[in-house]
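Remarks on the structure that follows.
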Amino acid sequence: EFGVSPAELPPDPGVDAEAREALDREVLELADQIEKMGPVNVLAFEEYREQAERLAFLTTQKADLETSIASLLETIRKINATSSERFAEAFAAINAHFSELFQRLFRGGTAQMRLLDENDLLDSGIEITAQPPGKRNQSILLLSGGEKAMTAIALLMGIFKYKPSPFCILDEVDAPLDDANIDRFAQLIREMSEETQFIAITHNKRTMEGADALYGVTMEEAG
């Protein structure tokens, strides 16, 4: 096994029997440990080097991802902060316009929007309360059909006063309104038409009277 003949071995140093037994036990123990280790993988170092290179690559990739995530979270934080600031500004302005137009359309009363969670502007719900003249403050769900329509018109026009839209289609929004409210509605639309072109689908003659152009629609068959 070692390429050495017995004659070439060094002479026996004369180890006593007890020391020889200890050596024999050590040999058996070492042989048992070697056997438990199994066959030696001569490619282990090469495989280690490959895995070390892969570990270094993945570690770099992990660091890049963590940096990107941190940058993305910071960008989201800045966007949320800017969005919250702009939303708060728009909400306050629209709320003021809404209250003003509500009082104008109803000839009095109060109306406002309220955030359900003022600490979380971007996910907060919005509650609208309205108090027409002579009625107590209540949710818009408790208003009559005409009052709901007028409240919705006040809110819509309040949004348009803050940021006008080129076009607005109103489909039968004046249907539940009486003549007095129709006149106030038509006057408001006339004023708002300086910034927005309104297309009103209506059956009401008073609303038609205030239009710049009329387009009639008929059906081939009745109904």
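The values are calculated or read from the model by the stated rules, or taken from the named source; none is laboratory data. Please read these numbers as outputs of a predicted model, since none were measured by experiment. Don't worry about glycine lacking a Cβ; one is built from the backbone with ideal geometry, like all the others, and counts go over all protein chains shown. Only protein heavy atoms, including side chains, enter the accessible area calculation; ligands, DNA and RNA are left aside. Shrake-Rupley method; radii C 1.70, N 1.55, O 1.52, S 1.80 Å.
If you build the Cα gyration tensor of the range 105-205 and take the root of 5 times each eigenvalue, what three semi-axes come out, in whole angstrom, biggest first?
The answer is 24, 19, 11 Å, longest axis first.
Expressed as cubic angstrom per residue, what is the convex hull volume of the alpha carbon set of the chain?
Output value, Cα hull per residue: 374 Å³.
Please label the shape of the range 1-114 as rounded, prolate or oblate, based on the square roots a ≥ b ≥ c of the eigenvalues of the alpha-carbon gyration tensor (a/c under 1.5 means rounded; beyond that, a/b larger than b/c means prolate, else oblate).
The shape class here is prolate.
Post the alpha-carbon centroid distance, the range 132-164 to the range 17-75, in whole angstrom.
So the separation of the two Cα centres works out to 74 Å.
So, for the chain, what is the accessible surface per residue at a probe of 1.4 Å, expressed in square angstrom?
76 Å²
Which one, ILE153, PRO176, ALA186, projects farthest toward the positive side of the charge dipole computed for the range 127-191 from Cβ point charges (K/R +1, D/E -1)?
ILE153
What residues have an amide H closer than 5 Å to that of LEU170, excluding those fewer than 5 places away on the same chain, when H is modeled at 1.01 Å from N in the peptide plane?
Long-range HN contacts for LEU170: ILE199, ALA200, ILE201.
Please identify the chymotrypsin sites (Phe, Trp or Tyr not before Pro) of the range 13-58 that satisfy two criteria: DSSP loop assignment and at most 15 other Cβ atoms within 10 Å. Which are they?
The qualifying sites: there are none.
Quick one: with all protein chains in place, what share of the accessible area of the chain is carbon or sulfur, to the nearest percent (1.4 Å probe)?
Looking at the chain in its full context, I get 56 percent from C and S.
Output the 0 to 90 degree angle, nearest 10, between the alpha-carbon long axis of helix 44-106 and the longest principal axis computed from the alpha carbons of the chain.
Tilt relative to the chain: about 10 degrees.
Short version: ³J(HN,Hα) in whole Hz for each residue of the range 112-119, in order, from phi by Karplus 6.51 cos²θ - 1.76 cosθ + 1.60 (θ = phi - 60°), x for Gly and Pro, what are they?
Once θ is set to phi - 60°, the couplings for the range 112-119 become 7, 9, 9, 6, 6, 9, 6, 8 Hz.
Just subtract the alpha-carbon distance of GLU50 and MET219 from 0.36 nm times their residue separation and send over the number in nm, one decimal.
Going from the current span to full extension adds 52.8 nm.
I need to check one value: relative contact order of the range 1-146, counting alpha carbon pairs closer than 8 Å and at least 6 residues apart, in percent.
Averaging sequence separation for qualifying contacts and normalising by length gives 11 percent for the range 1-146.
Of the listed peptides 122-133, 148-159, what is their order by residue-averaged count of other C-beta atoms within 10 Å, with the highest listed first?
Going from most to least packed, we get 148-159, 122-133.
Between helix 145-162 and the chain, what is the angle of the helix's C-alpha long axis to the longest principal axis, kept within 0 to 90° and rounded to the nearest 10?
70 degrees
Quick check: the angle from helix 179-192's long axis to the longest principal axis of the chain, C-alpha only, nearest 10 degrees?
60 degrees
For the range 8-71, go through all pairs of different Cα atoms, get the mean of 1/r, take its inverse, and jot down that Kirkwood value in Å.
17.0 Å
Just check the range 43-163 against the gyration tensor rule for me: Cα atoms, a ≥ b ≥ c as the square roots of the eigenvalues, rounded for a/c under 1.5, and otherwise prolate or oblate depending on whether a/b exceeds b/c. Intermediate values should be presented prior to the final figure.
Working: a/c = 5.90, a/b = 4.29, b/c = 1.37.
Judged from the Cα gyration tensor, the range 43-163 comes out prolate (a/c at least 1.5, a/b above b/c).
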